[in-house]
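Q: Starting off with a structure, shown below.
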Amino acid sequence: MYYNIFHIGNIIFYILLGISVLLLMQKIIYHIVGLFPTKKFPDAKKDHKYAILIPARNESKVIEQLLISIKEQNYNHELIDTYVIVEDEKDKTCEIAKNYQNTYIFVRQHLERKGKGHALNEVIEHIFKSNKKYEAFFICDADNVLTPNFVKEMNKTFDAGYKIALGYRNSKNWNGGYIASCSALTFSMINTFHNKCRSRFNQNVILSGTGFYISCDILEKLGGWKFFTLTEDVELSMFSTVNDIKSTYNEYAEYYDEQPSKFKASWNQRLRWVKGYSQVNKKYKKKLLKGMLFDKKNRWSKFEYTMSILPVVCILTTAFIYAFFTLVLAIVGSCIDSPIAYKVYRAFIIASLSIYFFFVCYAMVMLYAERKHTNITLKNKIICCLMFPFYMACYIPIYFTSLVKKEVEWKPIAHTVNMDMSKNKEVELNFEESKSARQIDDDESILT
């Protein structure tokens, strides 16, 4: 009886593993393509006019680097206006913003509407009512830093006809501990192993955080910014896919932001991501499925978003359940003195080590693929690879927490890292300064 249970469990495991591998084939192809050179866009025939929107309540400790990086863009500065969004005109952020040309301070009036989406909507409605005319809005967080060619490169994608485009998201603090490096590595995965291939094959990309633009004519038709979920970037990604609005990715439009370095801050951030993804998936899954089956345009992008993370979840769930199954069965076998209990223990050990070393190898491949972009030290590379499996395993309890927790709010993360762009090095702020720095989530300048 004991042997039969173990045997049947193995058969089910191999069947599910085979199904998972088939589902993963498309992802595997994307990963292979991601190792090759990225798509290049032709030089723009025209320099277009843009506005950069920065939600920046109490961001006086970090916003100046972003404003400096905007000032140093290799682009016609008369075609770039910057809007710094605050809640109080006495905010120290305003004093800094006043020192920069073509920079406007927008003080929010409707503070009862909480969240980044409402802050963006309020300033966009104000711009639409004014005489200012722009062709696209860039969305940035106050802790971002843009490389000098960022706008110039993004202008190429806009000139090529893309209504939405995302730049390459890099990290300020690759060497800020394993949490920070593992978090940065997940965005590298999105950049290189997903968006690079999607862009090459003219499919909709996955927007992550900030560092993207959206065409003004889209928002004019909507009547403003209408994305208010916990993960408005994911919502915009799905909205554009459902409505056949082509988006793309430009690896050469690089920008930096800070990743959380503490476990609790990372947990809260990822809990919000998972909860927000559930909100967006619930809102759009029927439209995506219908579009995948019946629409003639953009069908493959809709298929990808319908499948979403299912292939990855399928293989990981299969592996973890098999490891748990063999562990329980091995303990039972020891209790009843089964002669094959040692085989079950061996199966558990092999399954567990296979999962662990798969993620270690995956992290190694990602770091190799991103070697030209990262400034991580050899020591931190090793630590990152060894800890990456545990970082990813945290998504399991995070997922179950999101199911039982009805309300998920943005939790503050202190921004303590600035970057010397001339040397491409991270610079830690003084501790006493960092305590008074703007306490926000690392990729959402939430105005509350």
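Every read-out reported here was derived from the displayed coordinates using simple, explicitly stated rules and does not represent laboratory data. Not measured: the values here are computed from a predicted model. Cβ coordinates were reconstructed from backbone atoms using ideal geometry, including for glycine residues, and neighbour counts include every protein chain displayed.
Q: Determine by what factor the alpha-carbon radius of gyration of region 207-297 differs from 2.2 N^0.38 Å, reporting the quotient.
A: 1.24
Q: Distance between the C-alpha centers of region 51-82 and region 214-288? Whole Å please.
A: 22
Q: Moving to a separate point now. What is the extension gain from residue 377 to residue 263, computed as 0.36 nm multiplied by their sequence separation minus the C-alpha to C-alpha distance, in nm to one decimal? Could the numbers behind the result be given before it?
A: Values: separation 114, 0.36 × 114 = 41.04 nm, distance 2.09 nm.
Here the segment from residue 377 to residue 263 would lengthen by 39.0 nm.
Q: Please state, rounded to one decimal and in Å, the Kirkwood hydrodynamic radius that region 303-376 gives when every pair of distinct Cα atoms enters the mean of 1/r.
A: One decimal place: 14.8 Å for the Kirkwood radius.
Q: A further question follows. In bins 10 Å wide, starting from 0, what share of all Cα pairs of region 41-307 does each bin hold, as a percent?
A: Calculated over all Cα pairs of region 41-307, the distribution is 7, 29, 39, 22, 4, 0 percent.
Q: Sort the following peptides by mean Cβ neighbour count (other Cβ atoms within 10 Å, averaged over residues), highest first: 322-330, 11-19, 116-124.
A: In descending order of packing, they fall as 116-124, 322-330, 11-19.
Q: Once you have the Cα-Cα distance between residue 321 and residue 308, take 0.36 nm times their residue separation minus that, and quote the gain in nm to one decimal.
A: Between residue 321 and residue 308, full extension yields an extra 2.6 nm.
Q: While we're looking at this one, here's another question. Select from 185, 66, 307 the residue farthest towards the positive end of the dipole of region 41-307; place +1 on Cβ of Lys and Arg, -1 on Cβ of Asp and Glu, and compute about the Cα centre.
A: 307
Q: Relative contact order for the chain using alpha-carbon pairs under 8 Å, separation at least 6, rounded to a whole percent?
A: On the way: 733 pairs, mean separation 95.6, N = 448.
Relative CO of the chain lands at 21 percent.
Q: Determine by what factor the alpha-carbon radius of gyration of the chain differs from 2.2 N^0.38 Å, reporting the quotient.
A: Dividing the Cα Rg of the chain by 2.2 N^0.38 Å gives 1.04.
Q: Here is a further query. In region 195-259, with Lys and Arg counted as +1 and Asp and Glu as -1 at Cβ, which of these residues, 201, 219, 248, has the Cα nearest the positive end of the dipole, that is, farthest along it?
A: So the residue we want is 201.
Q: Next question, about the same structure. Rounded, prolate or oblate: pick one for region 264-330, where a ≥ b ≥ c are the square roots of the eigenvalues of its C-alpha gyration tensor, a/c under 1.5 means rounded, and failing that, prolate if a/b is larger than b/c, else oblate. Walk me through the numbers before you get to the answer.
A: Working: a/c = 3.54, a/b = 1.59, b/c = 2.23.
Oblate, since a/c reaches 1.5 and b/c is not below a/b.
Q: Per-residue ellipticity at 222 nm for the chain, helices alone: DSSP H runs ≥ 4 residues times -39500 (n - 2.57), over residue total, nearest 500 deg cm²/dmol? Intermediate values should be presented prior to the final figure.
A: Numbers: 16 runs with 236 residues, N = 448.
One gets -17000 deg cm²/dmol as the mean residue ellipticity at 222 nm.
Q: May I ask you to evaluate 6.51 cos²θ - 1.76 cosθ + 1.60, the Karplus curve with θ = phi - 60°, for each residue of region 266-274 and list the ³J(HN,Hα) values in order in whole Hz, giving x for glycine and proline?
A: Rounded to whole hertz, the list is 5, 4, 4, 5, 6, 4, 5, 4, 5.
Q: Per-residue counts of other Cβ atoms within 10 Å, averaged by peptide: what ranking do you get for 166-173, 337-344, 149-156, 40-47, highest first?
A: So the order, starting with the most tightly packed, is 166-173, 149-156, 337-344, 40-47.
Q: Another question, then. What order, most packed first, do the peptides 314-320, 50-56 have when packing is the mean number of other Cβ atoms within 10 Å of each residue?
A: Working: 314-320: 17.9, 50-56: 26.4.
Averaged packing, sorted descending, gives the order 50-56, 314-320.
Q: Still on this structure, I have one more. Over region 41-307, what is the relative contact order in percent, taking alpha-carbon pairs closer than 8 angstrom and at least six residues apart? Before the final figure, lay out each step's value.
A: On the way: 470 pairs, mean separation 58.0, N = 267.
Result for region 41-307 is 22 percent.
Q: Would you list 364, 1, 292, 25 from fewest to most Cβ contacts within 10 Å?
A: Final ranking by Cβ density, sparse to dense: 1, 25, 364, 292.
Q: Continuing with this model, one more query. Dipole magnitude of the chain about its Cα centre, charges +1 at Lys/Arg Cβ and -1 at Asp/Glu Cβ only, in debye to the nearest 20?
A: 1440
Q: In addition: Please list, ordered by chain and number, the residues whose modelled amide H lies under 5 Å from the amide H of residue 103; skip anything fewer than 5 residues away on the same chain.
A: Amide H neighbours of residue 103: 82.
Q: With a point put 7 Å past each Cα toward its Cβ, work out how far residue 128 is from residue 334 in nm, to one decimal.
A: 6.5
Q: Stick to the Cα atoms of region 259-403, pair each with every other, and give me the Kirkwood hydrodynamic radius in Å at one decimal.
A: 18.5
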